[in-house]
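Here is the structure we will look at.
The values are calculated or read from the model by the stated rules, or taken from the named source; none is laboratory data. Being a predicted model, the structure only gives us computed values, none of them experimental. Neighbour counts run over all protein chains shown; Cβ positions are idealised from the backbone, glycine included.
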Amino acid sequence: MSLKRTSCAYCGVGCGVMIASPSDEENGGSSAPHLSLRGDPEHPANWGDLCAKGERLLDSLPLPSRLLYPQQRATKALSWSDAITLIADTFSQTIIEHGPGSVAFYLSGQLLTEDYYVANKLAKGFIGTPNVDTNSRLCMSSAVSAHIRAFGEDVVPGCYQDFELADVVVLVGANSAWTHPVLFKRMLAARASHGCKIVVIDPLSSASAKRADLHLALRPGTDSTLFAGLLVHLADNDLLDNAFIDGHSDGFYPALTRARAIAPSIERVAGVCGLSPAAVAQFYRWYQPSLNTVTASCQGVNQSISGTDCTNAIINVHLALGQVGRAGAGFFSLTGQPNAMGGREVGGLATQLACHLGFSAPERQIVQDFWQAPALVDGAGLTAVELFDAIEQGDIKALWILGTNPVVSLPDSAKIARALEACPFVVVSDITADTDTAQYADVLLPAQGWGEKSGTVTNSERCISRQRSVVTAKGQAKSDWWALCQVAKAMGFIGFDYDNSAAIFREFAGLSKVVNQAFPAKQFSIAAFADITDIEYDALVPTQWPVHHKAQIGQQHQRVFTHQRFATETGRAQFVCASEGSSHNAAGILNTHGDHHPLEELATDGRSQGLYLNSGRSRDQWHTMTRTGHIASLRAAQTEPTVFIHPDTARDLGIENAGFLRIARVGEPITDKRQLDMIPASADGVAADSVIGRAQFDDSLPPHLLNMPMHWSQQFSLTGGVNLALDSRWDPISKQPAFKCQRVDVSAVSIPWQGIVFGAVVNPANEGIGQRTFPNALWQVQQTLTTGECIYLGFSSQVLALQSLNFERSLSWHYGSHQISCSLSQGKLVALCILAEHAIEIDVAVVASLIGEPMVPALVKRLHQLLLAGNSQIICACTGVTASQINDAVNQIIQQTRAQGASTSLSANAFDDETIDKVQQRLGCGRQCGSCYSEVQTEVRAQISHCRKQQVHPAEEVA
Ligand code: SF4
């Protein structure tokens, strides 16, 4: 048995993973060795723990429709040599005809550092185009801008250990229980061990908020007012670290004056934020010199039109307390992607050069000399949204997209699709040809995926880890750095002859060494790796930068700015004044005094005229589902594109729970809100500026705020993703798009006939879901199951439904309100379709397992039983435990408790807690990766509450 250490491919926590593979002897000559996986107990990010996604990394490897060889358009196979020649020749000709800026690259936080480094070197140093940006622009560029403004450099000063040393952890716009589960569990463990408080600031009652000691459900977009008020509170109550402010910072008094104008008193803050003065005061008490407080933020802050100012408002507070570079205290930006930080280090953003350099003459000179670059760019390039605008306008003629899916992930998806359609030459490197973006590729290159590629990544706490290949690359898949180097060499550039990823990492470290010598105030350094051997690189252990000397390799728990010397011109940290207008709402309406809020206005306007949409995420999915959408256990908890909506709002709009709704950009009025047929539609039947989702009632939401996960795309769902309904407004400083709290129009959609199909009717062998196998469908979503797959469908009439479901029906009958059709072959069930004039609730995994079984009366009876039983939502992805199993367990516990009279001395709360524990003991739910704990808790409490209403509860018998 051999053991390899690698790292998880998903979030910025950057957990270490160990993969065991059998020796040839143990494997018995099998071509598909059985690998096993567990968390790396020695990795400092996770100490052996993993979340549900990490635990299923091996399940991601058998990817259906894997891209195995280069292709021209979707059909013609190319050799690598022909593909390289085609790309190099087209890029060269485009540069001759339109200049270097007409060639662009769009990169990804999923790339390894070595891929990222080479892409930037080729583009910014040799082709001479500054137009290189990355999807990291969409997730943390506001934090980058805020770091640079405050510290002079994009540096996260703290480390994960700070979350364990803190007295108080404050999560702002961060649902870490879902987005950074392993780190969140470390916070919970710290609370259990020494009583650290967890505060969540979020308009949504997220899974993290449900477990917080204090949840401030403030109005969307008012976070900066809350933190401006906190700065005022510290000043007014003599809680400032004056020694730090006077000795190591600039700009405190202007920042305080500005904060005072925005948030002069707790009462004013409470009014703007929609909180009680008591809650604000309680929150403010947790920031003071005698307490260690960590404030961490994520997309709820970053993805707004004032994300940079809001982040600086938080940093201002910690600077005022002298909390920077201090154990257990300070600001911490949680990074979304596994290597977003690595991309920032190599200059992946259009606004940087490598090693955190800008574009001043001395900075450019260093890079030019080091690379011997013939065409080093002289300034920043177009950022993500600008880049695709330029493509649509015809200014960019050739584009190479690596490891990302911008048609789905960027706002205003229809515009991105138009831009790619119009672009004369698009190259896409990916692991599958099924992504929405790949449909626009002139050349598709098969990239190595997780488990195949080898290199380094940097996580949220500046820790560099190895990703190691654990399986042989499928087909002709190659590493991205290799493909980039081949194109560079074919274009005649020198400096791209690397033997392996170690050689690239060495060169990058060499550049870091030179940069450090020239700019010693810069904190980023991996100089110690400049002469690392291939063997040392292969054996590299997780190491936090800055790492100047070899003796520092392997170092952990490092903080930056411990000596209060910053990378600014003065060497002092900078307080930042909020920009004029920055205290406004993410929708851009609240004025600079913070005394007018759109959600208040809506109360008199009427709900249907003013609803807001948040783009969020699901617990078990990752990005646009290209790596997780085919894993049955990760698809089980949320099967279809879902829009969470407050029941009162939904009822006002005539939307039923599990009914359908359409979300459209404001300014695109719908002529008849109830008739899908009246909606201006594209050729596919879906309006290009809107998205349709299935409504799920959630009474914890603010009445005017809807929430839709961002993962869905046309690869999995006919009606596409949330970004069809969002425009590309951005933060003016970071140019990060604002995916949160955009004003939208919402209406009910009538899709009266709904169905689910299983088996051969799906016909995966030829076209697949992305090819619209069901032409009349208004709703079509594919779900991978442990045994096969099913497709949810919706039609405007029964006639159209039956026409579309064009498979040979051997049997057809009605059961209750359901119409069931079966196709048989040699007496066995090969296809099944269930239709009804309502949503069909059935355990799809069990029904799918009936395909291939003999069609006997017992099977029909089983099918009927399943229809009677209905469906129950999967609550725990690790164990597959459903809501109904939890409810059954609660009922049993209540009955047993009453029979024994055991808990009559318990308070209702204590009884709830004890029941949660017992349910977990019985079913195992919420105890493996722990991400679903709050959902388990909610389900148990809801069932107990239901029982309380139905009958006397055991804990109330003595009340
Ligand atoms: Fe992977 Fe989960 Fe760890 Fe994130 S928290 S790196 S998704 S295992």
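Restricting the search to the stretch 209-255, which residues are assigned to a helix (DSSP H, G or I) and touching a His at 6+ places or on another chain (Cβ under 7 Å)? Quick ask: steps written out before the conclusion?
Narrowing the stretch 209-255 to residues assigned to a helix (DSSP H, G or I): 209-210, 223-236, 242-248, 252-255.
The answer is 209, and nothing else.
If you check every pair at least six apart or on different chains, which have Cβ atoms under 7 Å apart with a residue in the stretch 534-560 that is assigned to a loop (DSSP other than H, G, I, E, B) first and a residue that is surrounded by fewer than 14 Cβ atoms within 10 Å (Cβ to Cβ) and modelled with pLDDT of 95 or more second?
541/554
Do you know which of the residues in the stretch 37-52 that are out of contact with any Gly (no Cβ under 6 Å at 6 or more places or on another chain) and within 22 Å of residue 926 (Cβ to Cβ) is nearest to the ligand (Cβ to nearest atom)? Give the derivation first.
Narrowing the stretch 37-52 to residues out of contact with any Gly (no Cβ under 6 Å at 6 or more places or on another chain): 37-38, 42, 44, 47, 51-52.
Among the residues that remain, those that are also within 22 Å of residue 926 (Cβ to Cβ) are: 37-38, 47, 51-52.
Numbers: 37: 10, 38: 11, 47: 11, 51: 3, 52: 7 Å.
Out of the qualifying residues, it is 51.
So which residues in the stretch 737-754 are modelled with pLDDT of 90 or more and touching a Gly at 6+ places or on another chain (Cβ under 6 Å)?
748, 751, 754
For residues that are in contact (Cβ under 8 Å) with a residue 40 or more places away in the chain and among the acidic types (Asp, Glu), tally how many sit in the stretch 251-309.
1
If the requirement is being surrounded by fewer than 24 Cβ atoms within 10 Å (Cβ to Cβ), assigned to a loop (DSSP other than H, G, I, E, B) and modelled with pLDDT under 95, which of these qualifies: 337, 288? Steps first, answer last, please.
Values: 337 fails: surrounded by fewer than 24 Cβ atoms within 10 Å (Cβ to Cβ).
Within the list 337, 288, the selection yields 288.
Scan the helices (runs of 4 or more DSSP H) fully inside the stretch 97-203 and keep the ones with 3 or more residues being farther than 27 Å from residue 282 by Cα and more than 22 Å from the chain's Cα centre (by Cα).
Values: elements: 113-120, 141-151, 161-165, 176-179, 181-194.
Once the helices (runs of 4 or more DSSP H) in the stretch 97-203 are filtered for at least 3 residues that are farther than 27 Å from residue 282 by Cα and more than 22 Å from the chain's Cα centre (by Cα), what remains is 113-120, 141-151.
Quick one: which residue in 512, 469 is hydroxyl-bearing (Ser, Thr, Tyr) and part of a loop (DSSP other than H, G, I, E, B)?
Working: 512 fails: part of a loop (DSSP other than H, G, I, E, B).
Every option except 469 fails the conditions.
Given the criteria within 16 Å of the ligand (Cβ to nearest atom), of a type in the set (D, E, K, R) and part of a loop (DSSP other than H, G, I, E, B), does residue 59 qualify? Don't jump to the end; show me each part of the working.
Numbers: within 16 Å of the ligand (Cβ to nearest atom): yes; of a type in the set (D, E, K, R): yes; part of a loop (DSSP other than H, G, I, E, B): no.
No; evaluated as a whole, the condition is false for this residue.
Taking residue 411 and the conditions (1) in a helix (DSSP H, G or I); (2) touching a residue at least 40 places away in the same chain (Cβ under 8 Å); (3) not hydroxyl-bearing (Ser, Thr, Tyr), which numbered condition does it fall short on, given that it satisfies the others?
All conditions are met except number (1).
Return the residues of the stretch 369-395 that are among the hydrophobic types (A, V, I, L, M, F, W, C), part of a loop (DSSP other than H, G, I, E, B) and out of contact with any Pro (no Cβ under 9 Å at 6 or more places or on another chain); say none if nothing qualifies.
Correct list: 373, 376.
Has the stretch 893-901 got any residue that is within 15 Å of residue 915 (Cα to Cα) and outside any helix (DSSP H, G or I)?
Among the residues of the stretch 893-901, at least one is within 15 Å of residue 915 (Cα to Cα) and outside any helix (DSSP H, G or I), which makes the answer yes.
Taking the condition away from the ligand (no atom under 16 Å from the Cβ) and either at pLDDT below 95 or in contact with a Cys (Cβ under 6 Å, 6 or more places away or on another chain) (or both), does residue 74 pass? Working first, answer last.
On the way: away from the ligand (no atom under 16 Å from the Cβ): yes; either at pLDDT below 95 or in contact with a Cys (Cβ under 6 Å, 6 or more places away or on another chain) (or both): yes.
Answer is yes for this residue.
Given the options 214, 256, 204, name the one that is of a type outside the set (Lys, Arg), more than 20 Å from residue 326 (Cβ to Cβ), modelled with pLDDT of 95 or more and in contact with a strand residue (DSSP E or B) (Cβ under 8 Å, 6 or more places away or on another chain). Working first, answer last.
Details: 256 fails: in contact with a strand residue (DSSP E or B) (Cβ under 8 Å, 6 or more places away or on another chain); 204 fails: modelled with pLDDT of 95 or more.
Being of a type outside the set (Lys, Arg), more than 20 Å from residue 326 (Cβ to Cβ), modelled with pLDDT of 95 or more and in contact with a strand residue (DSSP E or B) (Cβ under 8 Å, 6 or more places away or on another chain) holds for just one of 214, 256, 204, which is 214.
Please work out which one of (1) surrounded by fewer than 24 Cβ atoms within 10 Å (Cβ to Cβ); (2) closer than 26 Å to residue 111 by Cα; (3) among the small types (Gly, Ala, Ser) is the condition residue 343 fails and give its number.
(1)
Going by the conditions given, is residue 91 part of a strand (DSSP E or B), more than 16 Å from the ligand (Cβ to nearest atom), at pLDDT 95 or above and among the hydrophobic types (A, V, I, L, M, F, W, C)?
On the way: part of a strand (DSSP E or B): no; more than 16 Å from the ligand (Cβ to nearest atom): yes; at pLDDT 95 or above: yes; among the hydrophobic types (A, V, I, L, M, F, W, C): yes.
No: the conditions fail for residue 91.
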